[in-house]
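Visitor: One structure follows; several queries about it will come next.
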Protein chains: 2
Amino acid sequence: MSDITRLACQALDAQDSLAPLRGQFSLPAGMLYLDGNSLGPLPSATAARVQAVVTGEWGQGLISSWNSAGWIDRPRLVGDKIARLIGAGPGEVVAVDSTSINLYKVLAVALALVREGAPGRRRIVSERDNFPTDLYIAESLARQHGCDLTLAGADEIEAQLDDSVAVLMLTQVNYRTGRLLDMAALTARAHAAGALAVWDLAHSAGALPVDLRGAGADFAVGCGYKYLNGGPGAPAFVWVHPRHAARMDAEARWQPLSGWMGHATPFDFTPGYQPGAGIGRFICGTPSAISLAALECGVDTLLAAEACGGLAALRRKSLALSDLFIALVEQRCAGHGLQVQTPREHARRGSQVSLYLDPADGDAYAMVQALIERGVIGDFRAPGILRFGLTPLYLGFAEVWDAVDHFAQVLASGQWREPRFSRRSRPSHRTTVT
Amino acid sequence: MSDITRLACQALDAQDSLAPLRGQFSLPAGMLYLDGNSLGPLPSATAARVQAVVTGEWGQGLISSWNSAGWIDRPRLVGDKIARLIGAGPGEVVAVDSTSINLYKVLAVALALVREGAPGRRRIVSERDNFPTDLYIAESLARQHGCDLTLAGADEIEAQLDDSVAVLMLTQVNYRTGRLLDMAALTARAHAAGALAVWDLAHSAGALPVDLRGAGADFAVGCGYKYLNGGPGAPAFVWVHPRHAARMDAEARWQPLSGWMGHATPFDFTPGYQPGAGIGRFICGTPSAISLAALECGVDTLLAAEACGGLAALRRKSLALSDLFIALVEQRCAGHGLQVQTPREHARRGSQVSLYLDPADGDAYAMVQALIERGVIGDFRAPGILRFGLTPLYLGFAEVWDAVDHFAQVLASGQWREPRFSRRSRPSHRTTVT
């Protein structure tokens, strides 16, 4: 294949009907931000909206804003917007708490639903390389329920599904490799084995079309601060398939974080807990009006794409961007031991590309640092993974070309070997939050 | 006693060394805000600080701000500031999640600590009129542990403490009545009975000097959006007495919401959970940088009082304000059936005054609405409670006089009987969040 030129990439940008969506973001001048899989950038609308909540709704409206500004309804309203991105219906999603906490809620309910009728099902199955917080939460519930947590490689998950399994808990797109799992097929296999399927959409909601209903999934949670652009530590979200609504009404299957905002009538202040209808019971404490306003602005940047093809169009562009990134890396960064870790097959790829470098062949950490110094923001995962998020909402083809151009220069010049890029010269590498 | 004049109140304001602290807040002109026990007002510093986090730290710094702007340390840093208000030491408090969720964490640990050695202790004791979310969370853990939740009137709590009790769980100041419990005495009684004491400081942190260490308490949680002025739905906080640190290291006593940010080394991304040292393990998911910045500004408004006598001085003024409020209500609002529900005794009073009106004698809801229309913001709790927060950081004596003057006018004129103030004319009374 002949070399891909920057001119050819500019031509792709000129034809890109999604390009105007970039205008929704305030990105630092000169920065090539390939880390939206870790923290989405600031939407242009967010600062003014947050300011209006702070100075107007809180400062002037004070306590009355729980009603007059709709604070009380915001978890459901933002949830309804997120629902449109993940193949869920209205009234099925709430935006609250963190991914970890929401996972605790749904995993507890899933275990109760399955194990009440089948106490012999004592296993939670997950991927060994799942994001750690998911595994930590599953560990806690496994201990509580006297269950085991079985961890398998991505290709060995199906083989684990038998009649000893209560719940299959997976993240749809792997945070390290960017590999996309087949939600529909794995959910069907879990159901065939008599288990329920819990999905973490942290790296897929807003990154690609997710179809929870179509896949027949049982429960889902996801993150607000990555592809949803909701801001650092934004509220997460939680979904339950409505087919479970009636069975969740039995007390033994209530979600355990039974805070007052999930009560059927919180403002009656009754001493006994009665869960609200459907997804409402997954709200726990008092929601943050400021954080939810920022999250809503972030979700709106994705809904704005509905006018130009929606998530399907974003997905096409995302794959085109990551195809381009892979092709350019292979053309221009060869000979340094870098391997493309993300699957080439579109059906198995999320919206990021991960490269792997054996630590014996070079210092991936230092390469990422050298890129960051040049304004190309990716991130590093031990022991040798370089992660690059290709987010179609705000990245163009020429930018991908420029990013790989920087990378080629860093490699060809050996710049990454400069001591200041080495981890040993840094007090900490706590740089990134997946 | 002769009538208290507005002039006398103005004289008190002129002598009030805490009066300049009012300048820290942006209160709507003409409003008399007596609802800081429900939602603290906006500090003047907050809007700019939040804006800096949004546009600078997030917008420009992006992912690097987890370190460069200190986002990752914020739960501990804000926790250390809150510690100064509640008689805790540095490194003992983190600001995270909601009160409900933090209560779930500590109550689970408390139950595990006690019941491992004494499985026969099967009771959680609390106050019947405790804020419902505390009772709902306790219900959930009681069900999980095969325990019972015993609810008693405030004066019958001690009588419940025997060798069948695992945990005494109380809120220091009652949200409805404003009654202050004796933390030291009740904790001592719990300990004498072999139980642990969990305290909710929702209506006391920032409202009066709290001395967790001095009282020998075991666990505490509290709210960020009331007297700490952290904004609607602000992060809450959690404290554990360090004497429990070592015993919490056994796996069976880990706090159950074991998210990655509570891990000993979260950025190693190891598959097995290992809790961080001490209070750090009570962090769960990724903290909200925006919400924590707002909370920090709120906490700073209280720390600013350290220059002029601190919480002890604030407490003196708070009691003087509520004494004045009670005296004025008795002088000017008599003859309408209103009873002062909050204890007269200073040692038993928080920083609010609650009045009670038998529904047969009049419509307390309508009275509150008529006051709100006049810019006097209190709130209502069924069936007949009128709550007024007397917060010394931003309220003066003449303002209390003016508030009661409005109340007297509402009562004398019968204005509250106008149909528009009746709850029947309103679609919802979800106005306030305790």
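Visitor: I'd like to check something: does the stretch B:357-380 contain any residue that is under 21 Å from the mean Cα position of the chain (by Cα), modelled with pLDDT of 95 or more, under 27 Å from A:SER65 (Cβ atoms) and more than 14 Å from chain A (Cβ to nearest Cβ)?
Guide: No: the stretch B:357-380 contains no residue that is under 21 Å from the mean Cα position of the chain (by Cα), modelled with pLDDT of 95 or more, under 27 Å from A:SER65 (Cβ atoms) and more than 14 Å from chain A (Cβ to nearest Cβ).
Visitor: So, one more: Working only within the stretch A:32-57, note down all residues that are within 17 Å of A:GLU399 (Cα to Cα), at the interface with another protein chain (Cβ under 8 Å from one of its Cβ atoms) and in a loop (DSSP other than H, G, I, E, B).
Guide: Selection gives A:ASP35, A:PRO41.
Visitor: Can you tell me which residue within the stretch B:173-186, out of those that are out of contact with any Asp or Glu (no Cβ under 7 Å at 6 or more places or on another chain) and assigned to a loop (DSSP other than H, G, I, E, B), is most open to solvent (accessible area, probe 1.4 Å)?
Guide: Residue satisfying both the conditions and the ranking: B:ASP182.
Visitor: Also, quick follow-up: What number goes with the only condition from (1) aliphatic (A, V, I, L, M); (2) open to solvent by less than 10 Å² (accessible area, probe 1.4 Å); (3) in contact with a Lys or Arg (Cβ under 9 Å, 6 or more places away or on another chain) that B:LEU319 does not pass?
Guide: The number of the failed condition is (2).
Visitor: Another question, if that's okay. If the requirement is being touching a helix residue (DSSP H, G or I) at 6+ places or on another chain (Cβ under 6 Å), among the small types (Gly, Ala, Ser) and touching a residue at least 12 places away in the same chain (Cβ under 8 Å), which of these qualifies: B:ALA277, B:ALA312, B:ALA289, B:ALA320?
Guide: B:ALA289
Visitor: Give me the pairs: first residue in the stretch B:3-22 and open to solvent by less than 50 Å² (accessible area, probe 1.4 Å), second residue among the basic types (Lys, Arg) and outside any helix (DSSP H, G or I), beta-carbon distance under 8 Å, and six or more apart or on different chains, which are they?
Guide: Sorted first by the residue in the stretch B:3-22, then by its partner, the list stays empty.
Visitor: At least 3 residues that are under 19 Å from B:LEU196 (Cβ atoms) and within 13 Å of another protein chain (Cβ to nearest Cβ) in each: list the strands (runs of 3 or more DSSP E) lying fully within the stretch B:60-165 that qualify.
Guide: B:148-152
Visitor: Another one. Would you check which residues across the stretch A:58-87 are in contact (Cβ under 8 Å) with a residue 60 or more places away in the chain, of a type outside the set (A, V, I, L, M, F, W, C) and farther than 30 Å from B:TYR394 by Cβ and list them?
Guide: Answer for the stretch A:58-87, where residues must be in contact (Cβ under 8 Å) with a residue 60 or more places away in the chain, of a type outside the set (A, V, I, L, M, F, W, C) and farther than 30 Å from B:TYR394 by Cβ: A:ARG76, A:GLY79, A:LYS81, A:ARG84, A:GLY87.
Visitor: Yes or no: the stretch B:24-36 includes at least one residue that is under 23 Å from the mean Cα position of the chain (by Cα), modelled with pLDDT of 95 or more and of a type in the set (Asp, Glu).
Guide: Within the stretch B:24-36, one or more residues are under 23 Å from the mean Cα position of the chain (by Cα), modelled with pLDDT of 95 or more and of a type in the set (Asp, Glu).
Visitor: Sticking with this one: Of all residues in the stretch B:46-56, count the ones that are surrounded by 23 or more Cβ atoms within 10 Å (Cβ to Cβ) and more than 21 Å from the chain's Cα centre (by Cα).
Guide: 3
Visitor: Would you say A:GLY194 is more than 21 Å from A:LEU34 (Cβ to Cβ), touching a strand residue (DSSP E or B) at 6+ places or on another chain (Cβ under 8 Å) and in a loop (DSSP other than H, G, I, E, B)?
Guide: Yes; evaluated as a whole, the condition is true for this residue.
Visitor: Assess whether A:LEU168 counts as being crowded, with 21+ Cβ neighbours inside 10 Å, aliphatic (A, V, I, L, M) and not in a strand (DSSP E or B).
Guide: no
Visitor: I'd like to know if the stretch B:71-93 contains one or more residues that are closer than 24 Å to B:ALA252 by Cα and within 16 Å of the chain's Cα centre (by Cα).
Guide: Yes, there is a match, as at least one residue in the stretch B:71-93 is closer than 24 Å to B:ALA252 by Cα and within 16 Å of the chain's Cα centre (by Cα).
Visitor: Here is a further query. Can you name the number of the only condition in (1) open to solvent by 10 Å² or more (accessible area, probe 1.4 Å); (2) in contact with a strand residue (DSSP E or B) (Cβ under 7 Å, 6 or more places away or on another chain); (3) not β-branched (Val, Ile, Thr) that B:GLY117 fails?
Guide: So the condition that B:GLY117 fails would be (2).
Visitor: So which residues in the stretch A:204-226 are within 14 Å of another protein chain (Cβ to nearest Cβ) and either free of Cβ contacts under 8 Å to residues at least 12 places away in the same chain or open to solvent by 10 Å² or more (accessible area, probe 1.4 Å) (or both)?
Guide: A:TYR225, the sole residue that qualifies.
Visitor: Report, by residue number, each residue of the stretch A:139-178 that is in contact with a Phe, Trp or Tyr (Cβ under 7 Å, 6 or more places away or on another chain), under 22 Å from A:GLY87 (Cβ atoms) and not polar (S, T, N, Q).
Guide: Answer for the stretch A:139-178, where residues must be in contact with a Phe, Trp or Tyr (Cβ under 7 Å, 6 or more places away or on another chain), under 22 Å from A:GLY87 (Cβ atoms) and not polar (S, T, N, Q): A:LEU170, A:TYR175.
Visitor: For A:ALA234, indicate whether it is buried (at least 24 other Cβ atoms within 10 Å of the Cβ), within 14 Å of chain B (Cβ to nearest Cβ), modelled with pLDDT of 95 or more and part of a helix (DSSP H, G or I).
Guide: no
Visitor: Where residues in the stretch A:237-268 are of a type in the set (D, E, K, R) and within 14 Å of another protein chain (Cβ to nearest Cβ), which of them is least open to solvent (accessible area, probe 1.4 Å)?
Guide: A:ARG253
Visitor: Could you say which residue among A:PRO287, A:PRO271 is assigned to a loop (DSSP other than H, G, I, E, B), more than 24 Å from A:HIS241 (Cα to Cα) and within 9 Å of another protein chain (Cβ to nearest Cβ)?
Guide: Among A:PRO287, A:PRO271, only A:PRO271 is assigned to a loop (DSSP other than H, G, I, E, B), more than 24 Å from A:HIS241 (Cα to Cα) and within 9 Å of another protein chain (Cβ to nearest Cβ).
The values are calculated or read from the model by the stated rules, or taken from the named source; none is laboratory data. Predicted, not measured: the structure shown is a model, and the values here were computed from it. Cβ coordinates were reconstructed from backbone atoms using ideal geometry, including for glycine residues, and neighbour counts include every protein chain displayed. Just so you know, the surface numbers come from the protein's heavy atoms only, side chains and all, with ligands and any DNA or RNA stripped out. Shrake-Rupley method; radii C 1.70, N 1.55, O 1.52, S 1.80 Å.
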